[in-house]
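The values are calculated or read from the model by the stated rules, or taken from the named source; none is laboratory data. Keep in mind that this is a model prediction, so the values were computed, not measured. Note that we place each Cβ from the backbone using ideal geometry, even for glycine, and neighbour counts take in every protein chain shown.
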Amino acid sequence: MARLEDITVGSSVAGLAGGGAASVVAVKWHGINAITVTFRNGAGSVAEQILFREDEARLDVKDGALPWSFDADAGIPYALTAGAMARDRHQKRDTDGSEQARRVHFGNRGG
């Protein structure tokens, strides 16, 4: 049994479309006792259904997590780029062996 409040975008709900679970695409509330749920069934078809409090007994929410999030560390892309640049500078210095070649390659920085 699930409550209407448990049905959110991205959750998987059993009891909406036949016997299989359906992925919720959108939820629109109508007061406090009804919602319109837009969902994608196992076959990939999109459908819509109005659910009332009476329907809660036949519903089962499998997963309330979204398939994506915005909680990544913002410094990771910078760290990866800085590491690659340092590696490239090191490799360039090792293969050329000359200070002049390093300065020309990196735009005459540092001298």
Among the residues of region 50-69, is there at least one that is loosely packed, with under 11 Cβ neighbours inside 10 Å, among the hydroxyl-bearing types (Ser, Thr, Tyr) and either part of a helix (DSSP H, G or I) or modelled with pLDDT under 65 (or both)? yes
Worksheet item: Looking at VAL27, is it touching a Leu at 6+ places or on another chain (Cβ under 8 Å), of a type in the set (A, V, I, L, M) and either outside any loop (DSSP other than H, G, I, E, B) or at pLDDT below 85 (or both)?
Response: no
